[in-house]
1. Springs between alpha-carbon pairs under 10 angstrom, Gaussian network model over the chain: which of 57, 162, 97 fluctuates most?
2. What percent does the relative contact order of the range 32-138 come to when contacts are Cα pairs within less than 8 Å and at least six residues apart?
3. Counting only helical runs of four or more DSSP H residues, what would the 222 nm mean residue ellipticity of the chain come to if each run contributes -39,500 (n - 2.57) and the total is spread over all its residues?
4. Given a cut-off of under 8 Å on Cα pairs at least six residues apart, what relative contact order in percent is computed for the chain?
5. I need the shape label for the range 166-240. Rule: rounded when a/c is under 1.5, else prolate if a/b > b/c, else oblate, with a, b, c from the alpha carbon gyration tensor.
6. In which sequence would 163, 123, 226, 75 go, from the one with the fewest C-beta neighbours within 10 Å to the one with the most?
7. Which residue, 95, 128, 221, has the most motion in a Gaussian network model of the chain that connects Cα atoms within less than 10 Å?
8. Pick from 152, 22, 66: which is most flexible by mean-square fluctuation in a GNM of the chain where alpha carbon atoms under 10 Å apart are linked?
């Protein structure tokens, strides 16, 4: 899908000033030693923000990271071998968004990220699970490409952005620079990672990560255009 035409108000907002979507109730999570970044970026960051703002989710509730992450692994383009039960394996951003659009999402209480001692997942029926999920579907999602102006416009008028980047040394060492990301090093071989963009301040995009509050600046980073343009390879906006 392609983004909707930019509004005059959005263009004006994107042209100058700051946009900061962060909220006190919207705590940064920690994916631990898992490949669940798409689940965190989609469920806990972008979708949670939208559903809370729409009055369809309490601020104290979290959406199920595990559901979108594991379900997306069943439907993404990786078909070489099954990996939905492999904690270290990740998935595609569009697979997670497609699931949220077709089936909806559930809360973390229904399917927690951290499973119990018996590794127990959902014990009800599939029909019951998807009936719950259907109460919170997104209506659409839009491919924002790699257009930084379009990103700023979306952040100013629509909300957070789900994005993917190629991890480099600067990202790994973001804590030492208090979250500032200035220059990107291509072909670092560190793999891809899903995060959310949640605004822009002083010309830098606010990056919400899922590596806990000990990373970057209390869980956030600030990417200059010189970093964002080459580093971020996908970006999607959501409408609920």
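1. Highest fluctuation of the listed residues: 57.
2. Working: 151 pairs, mean separation 33.4, N = 107.
Relative contact order comes out at 31 percent.
3. -7000 deg cm²/dmol
4. Rounded, it is 27 percent for the chain.
5. rounded
6. Neighbour counts put them in this order, fewest first: 123, 226, 75, 163.
7. 128
8. Of the options given, 22 has the highest mean-square fluctuation.
Where a number appears in this text, it was derived from the coordinates with a stated rule and is not lab data. In this text, all values refer to a predicted model and were calculated from it rather than measured experimentally. All Cβ positions, even for glycine, are placed from backbone atoms using ideal geometry, and neighbour counts span all protein chains on display.
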